[in-house]
1. So for region 26-121, if I pair up every lysine 8 or more residues apart or on another chain, how many of those pairs have alpha-carbons under 26 Å apart?
2. Place a +1 charge on the Cβ of each Lys and Arg in region 26-121 and a -1 charge on the Cβ of each Asp and Glu, then give the dipole magnitude about the Cα centre in debye, rounded to the nearest 20.
3. Between Asp74 and Tyr41, with labels modelled 7 Å along Cα→Cβ, what's the label distance in nm to one decimal, could you check?
4. To the nearest 0.05, what FRET efficiency results for Lys118 and Gln158 with a Förster distance of 35 Å applied to their C-beta separation?
5. Please list, ordered by chain and number, the residues whose modelled amide H lies under 5 Å from the amide H of Tyr123; skip anything fewer than 5 residues away on the same chain.
6. Can you run phi through the Karplus equation (6.51, -1.76, 1.60; θ = phi - 60°) for region 59-64 and list ³J(HN,Hα) in whole Hz, with x for Gly and Pro?
7. Under the Karplus relation 6.51 cos²θ - 1.76 cosθ + 1.60, θ = phi - 60°, what is the ordered set of whole-Hz ³J(HN,Hα) values for region 74-82, x standing for Gly and Pro?
8. If we count other beta carbons within 10 Å of each Cβ, what is the order of Lys157, Lys108, Lys37, Lys58, fewest first?
Amino acid sequence: MATRTTEKPTAVADKTKKKPAVAGALIHGLAPYKEVKGEDYMSDPQRQHFRDILHSWKRELMEEVDRTVHHMQDESGSLPDPNDRATQEEEFSLELRTRDRERKLIKKIDQTLERIEKDDYGYCDDCGVEIGIRRLEARPTATLCIDCKSLQEIKEKQLLGG
């Protein structure tokens, strides 16, 4: 009986698929990226890691949209009590607002995937420095480094008088 061997693409890419010992550390179902000593920033394995995160996140959001549609269809029967109808309409309104925010997030995820394909991902739009792997894992759609984002928030706060 012959044994099959499978060749793994790269050690780095393989590590991104493994689940960490702590389940809470998963990023949309994926393990945090393990950097290899001497690895260039936004190398092919890193870009693939973020593609995987973004696709997984988008899939989660799309599944939630489907659940909402089915829930609203199932629950949309006319309720005889006006208070029950009002409560149901308010719940539907909140769900629709949430789905609208998620629709905008899906659009932002698609834009981020385009940036990865154009090799324009991972660098600050304002100053051009590396955003950083951990920041991008926390916020995969980030376009500003932490310093520029903090400065932007301070300016917004001053403008709004907060």
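1. Step by step, the pairs that qualify in region 26-121 add up to 11.
2. It comes to approximately 420 debye.
3. So the label points at Asp74 and Tyr41 sit 4.7 nm apart.
4. 0.55
5. Under 5 Å from the amide H of Tyr123 lie the amide H atoms of Ile131, each far enough along the sequence or on another chain.
6. 4, 4, 5, 5, 5, 5
7. Per-residue couplings from phi come out as 5, 9, 7, x, 6, 8, x, 7, x Hz.
8. Lys37, Lys157, Lys108, Lys58
No value in this document is a laboratory result; all are computed from the given coordinates. Computed from a predicted structure; not experimentally measured. Positions of Cβ are generated from backbone atoms using ideal geometry, with glycine treated the same way; all protein chains shown enter the neighbour counts.
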